[in-house]
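Encoded as structure tokens, the structure appears first; notes follow it.
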Amino acid sequence: MAGSGQAVHRTIVVVDVEGFGDRRRTLPHRVGTRAGLYRTVVEALRAAEVPWEVCYHEDRGDSVFVLVPPEYAKAPLVEVLPGALVEALRAHNGTSPSAQRVRLRVAVHAGEVVFDDHGVTSTAVTTAFRLLDAPPVRRALAGSPGLVALVVSRWVFDEVVRHCAVLDPATFRPVPVEVKEIRDTAWIALPDHPYPAHPRVLDQPVNPIAPEGGRGAPRQLPGAPGLFVGREEYLSGLDRVLTPADGDPATRTVMSVLGGAGGIGKTWLALYWAHRHADRFPDGQLFVDLRGYSPDGHPLDPAVAVRGFLDALGVDPGRLPVDLDAQAALYRGLVADRRMLIVLDNATATDQVVPLLPGTPTCTVLVTSRRRLASLIDRHSARHLQLDILSEEEARALLVERLGEQRVTAEPEAVDELVELCGRYPLALAITARHAATHPRVPLAELATELRDLGLDMLDGDDPAAGLPAVLSWSLRRLTDRQRTVFGLLGITPGADTTLPAAVVLTGLPPADTRKALSTLEEASLLERRPHGRYAMHDLVRDYAAATAQATLPEEVRKTALLRVMDSHLHTAHAADRLLHPHRPPLRPDPPAPDVHPHPLPDVAAATAWLEAEHVTLLATQRAAVALGHHHIVWHLAWTLNNFHVRRGHLAQALATWQAALDASAHLPDPAARSRAHRNLGHVCSRLGLHEEATRHLDRALALAVRDHDLAQQAHTRQSLAIAWEQRGDDRRAWSTPDTPSTCIASSTSPRGKPKRSTRWAGSPRAWVNSTPPAITAAPLSP
């Protein structure tokens, strides 16, 4: 098996000697103790009908772990093995000196392991050792008069112990386990001094994920669709992922991909099914919109999605690794062997999905995408379900649910025409039904005539959403001019969603009028109100809104509205940064556009919450500023977000924002802007391990600071260079950062013309600010 590199399923048994390192155990005593450990383990495995010779095992000094081949049943390892260990220990302890007597902690778990030339690697093995090291397990043995404490993982308890005819599951006790990266629930038993049976323990739901602050298991699912009809074929297909054909949970399909065009109802179906089966996932549900077909053309970076899941699972930001692979590995470790549902909505590519996949079959993954994502099917055994338009019966049922049986049956021919004109397309039907419901006195035949006259294209080909703008344009006809303007502006505002304060700035309307316009758009199914006061449009609706703005609003109106909202975002972000970092030297952006005021942030908590909530919008704002040539906003957004990005671990976003700021700095009058951009870009590159790029940018920053005689920038840049060389492992270069950057041609002379060498440490900004630097002649530099 060594060197195969293939993942295989194994039962894992870890046995550890209590107090092996006690100073009263001399070296001969420890040798005798280890001999007793192995003798008892071999005898106990034999009693469980598992030959020692067929098992893989590794010695860990005071412990040993054993991997039992899959053809040997798991049940004897919890039914027979612990009692056999007790009997073998009694024999050993009765004939050994007191310093060689043994008490054991035993962990039983199961999962995949990979064998290679160096041994085995496995998250499951790590989990077993974490269970063994958990303080509640140590305390259980310390407080017991017996010789053995048994701890089993939650999976082993649910799949083996609960169905055991030999043991009484009620004698096990659930305990939380929080050791390093593992947060789980384990079950403890004392084989030779069992806990009293307590059946109520088995009836109580166990929450294995308990992040700091007592938030409990994550529950990220958006609300279930209020009205849902049909789709029984797809619902049954999804139900099959919960029931393995052969009864073995390890063989069931754990991932389903719902495919189909935008607006076909993928997310509705996913959420309806997820809420219907939420009780099957007691350890929580994770949800993320991957924005694969977002209006701005920027799918969600998988690093951002992984980070969001780690936040939901309660990981301390200070403990996060830097690179995506390490973060994904930490995420897989946290969800390993838990019964969780993970919904990945609106994916565009396999690369977005793979980092978010768990490593154990106890989790169920539900992906929605307009593409088939063939790699998920071929390489990860995903079940693909391609959603089609509704059947005629389902389309009519949808209208009945929205409009009532009496109104639909009163005009059967008009209903047939509406179904046909909407192409049985779920989103088109929903908009049509909403419009009819909000105008109960208008006959359906009149609505069908209007829809037919507007020429709604029938959906065809690979893009059945092609005719949807006709439905949306029909909905706009019943809006006022002001409401149409608000609709169009919402289509071009930066970010995936917006809030009422941002919409007030965007539209320039009073808050009450803006709220009324948003409510009207929401009622017309053109806008969705989400938790925490946020408003969002479906991607197709937003595309149409942007096209409406382009066609109906003068360019100056669009640009002025965008400048207002970008100024608002920038100045609010600046105010938040000042609250979080009041001692940072202020670099104030230009005054905002007239009548634009930052969103009020009373304290640090409000500033932090606002930055977290608006982070994606702020990134989109910078991209919009780049497109419109607002270079000042581009640069200052990078500066304002820098500390937030670095401290929260959003280094990839910091890299992107500073690259944009560097490009923008060439158009700014302040010569220090380019030097600062190079310096901060170099610092971020250094944090990301991009060492060559880091020193290149920092050298450039220093050259510019020298050219401009900017002593403060020279000092800060030399400090960053020292840090960068230290992170590269070159302490000599870190300690003696040269007086001139490699991109400069420089000379350093004393008043008498002799060379002069500084003895100040390059890492001290105060030293460089307060000193007179050598005379430096820089090579020609671009602005």
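Relative to the current alpha-carbon distance between His667 and Thr438, full extension at 0.36 nm per residue lengthens the span by 77.3 nm. The aspartates and glutamates whose alpha-carbon is closer than 17 Å to the alpha-carbon of Lys266, local same-chain residues fewer than 8 away aside, are Glu232, Glu233, Asp239, Asp289, Asp345, Asp388, Glu394, Asp462, Asp463, Glu528, Asp539. Per-residue Karplus couplings for the range 54-62, computed as 6.51 cos²θ - 1.76 cosθ + 1.60 with θ equal to phi - 60°, are listed in order as 8, 9, 7, 8, 10, 8, 10, x, 9 Hz, Gly and Pro entered as x. Once backbone amide H atoms are built at 1.01 Å from N, His384 has Val257 as its partners under 5 Å, excluding neighbours fewer than 5 places away on the same chain.
What the Cβ-Cβ distance of Glu49 and Arg371 gives, at R0 = 56 Å and to the nearest 0.05, is a FRET efficiency of 0.65. Cβ-Cβ distance of Glu692 and Glu232, R₀ of 56 Å, FRET efficiency by 1/(1 + (r/R0)^6): the value works out to about 0.45. The ranking of Trp635, Trp725 by Cβ neighbour count inside 10 Å, starting from the fewest, reads Trp725, Trp635. For the range 367-454, trypsin sites (Lys or Arg not before Pro) meeting the loop criterion (DSSP other than H, G, I, E, B) and having at most 11 other Cβ atoms within 10 Å: Arg441.
For the range 318-439, the mean projected area of the C-alpha convex hull, equal to one quarter of the hull surface, is 11.3 nm². Taking amide H as placed 1.01 Å from N in the peptide plane, the amide H of His630 sits under 5 Å from none that are at least 5 places away or on another chain. Taking a straight line from the alpha carbon of Lys74, these aspartates and glutamates sit under 18 Å away, with near neighbours fewer than eight places off in the same chain left out: Glu43, Glu49, Glu53, Glu112, Asp158, Glu159, Asp168, Asp246, Asp248, Asp337.
Under a 5 Å amide H cut-off, with hydrogens placed 1.01 Å from N, Thr362 pairs with Asp337 among residues at least 5 apart or on other chains. Along the range 323-337 the Karplus relation, 6.51 cos²θ - 1.76 cosθ + 1.60 evaluated at θ = phi - 60°, assigns HN-Hα couplings of 7, 4, 4, 5, 5, 5, 5, 4, 4, 4, x, 6, 9, 4, 6 Hz to successive residues, with x for each Gly and Pro.
Phi-derived couplings, Karplus 6.51 cos²θ - 1.76 cosθ + 1.60 at θ = phi - 60°, listed residue by residue for the range 696-703: 4, 5, 5, 4, 5, 4, 5, 4 Hz, with x used for Gly and Pro. Once you have a ≥ b ≥ c as the square roots of the Cα gyration tensor eigenvalues for the range 232-386, tell me rounded if a/c is under 1.5, and otherwise prolate or oblate according to whether a/b is larger than b/c. Because a/c hits 1.5 or more and a/b fails to exceed b/c, the range 232-386 counts as oblate.
Computed from the coordinates by the stated procedures, all read-outs in this text should not be read as laboratory data. Please read all numbers here as calculations on a predicted model, not as lab measurements. In this analysis, Cβ positions are derived from the backbone assuming ideal geometry, glycine residues included, and neighbour counts consider all displayed protein chains.
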